[in-house]
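The values are calculated or read from the model by the stated rules, or taken from the named source; none is laboratory data. Small disclaimer: the values here were computed from a predicted structure and weren't measured. Here Cβ is always computed from backbone atoms with ideal geometry, including for glycine, and neighbour counts include all displayed protein chains. Accessible surface areas use protein heavy atoms only, side chains included; no ligands, DNA or RNA. Shrake-Rupley method; radii C 1.70, N 1.55, O 1.52, S 1.80 Å.
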Amino acid sequence: MRRPLVIVPACTRHIGSHPDHAVHSKYIDAVVQGAGCMPLILPALGAQTDFETVLAAADGIMLTGSASNLQAILYGQEVLNLELPQDHARDATTLPLIRAAIKRGIPLMAICRGFQELNVALGGSLHQAVQEVPGMMDHRDSPQDPLEKQYGPAHRVHIAPGGKLARILDGAAEIMVNSLHGQGVDRLAPGLVAEATADDGLVEACTVATAPGFTLAVQWHPEWQATANRDSMKMFQAFGQACRTYQERIP
């Protein structure tokens, strides 16, 4: 049997003097080594995307993290810091893809920016600078640190008892996670269920309550050295199993 095909939307970047569509290797590795699936990178074509063709081929969708932020206008705000990078083409690709995939019951796993995309796609809003919100921690990393420190354990999250994430993690009440984000969930979208929160109350994981298929979104980065982290592997394995189940469905 063929491996389930997982669509991984790309970011737009300039690598050298040419514009590119790109995905970090760590996400591709997590799909292959963690979920046991076959990744296929989807260019950020926005309205030019043939979503029907993409969704007909997909057994799963994985949304990656990125240095770019979603456009604030998508959740009714003005941009607070114009110096922070944005990726309009990715926004125009992932938000309609999310809504269509959930409607079809295609398994969806979302990480960091992907977590925020899910919330915005379904009608939620974001804090553009979590560290400036009274009572909130600074969830950002330090770019001057080596990657091993940036992606090292930063803070704990409290797992909602009885939830989907708790079941995936065999009933764990809390786990340590890395933290590399300036933005975060402000208003959780209708239909989303908080699965984990940080000590400051920031929602760090969620699922879609009414989705006919598997959904899991996390604010941290389980893809970083996923095979060396038991909690990360449990999440990717659960996603991979959902993709296999979807692949085997009766048309």
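Quick notes on this structure:
- For the chain, adding -39500 (n - 2.57) for each run of n ≥ 4 DSSP H residues and dividing by the number of residues yields -7500 deg cm²/dmol at 222 nm.
- Three-way shape call for the chain based on the alpha-carbon gyration tensor, with the a/c threshold at 1.5: rounded
- Computed over region 139-229, the quotient of the alpha carbon radius of gyration and 2.2 N^0.38 Å is 1.11.
- Amide H to amide H distances under 5 Å link residue 175 with 157, 159, where only residues 5 or more positions off or on other chains count and H is placed in the peptide plane.
- 5 Å-binned pair-distance histogram of region 180-251 (Cα, whole percent): 3, 13, 21, 21, 20, 13, 6, 2, 1
- Centre separation in Å (Cα based) which lies between region 109-156 and region 207-251: 20
- Rough spin-label spacing in nm, given labels placed 7 Å along Cα→Cβ, for residue 104 and residue 40: 1.0
- Shape call, region 33-129: gyration tensor on alpha carbons, a/c limit 1.5: prolate
- Here the label points at residue 245 and residue 48, each 7 Å from Cα along the C-beta direction, are separated by 3.8 nm in the simple model.
- Region 62-198 - Rg (one decimal) and Dmax (whole number), Cα, Å: 15.3, 42
- log₁₀ of I(q)/I(0) at q = 0.14, 0.15 Å⁻¹ - region 13-81, Debye sum with one point per alpha carbon: -0.63, -0.71
- Probe 1.4 Å, accessible area per residue of the chain, Å²: 46
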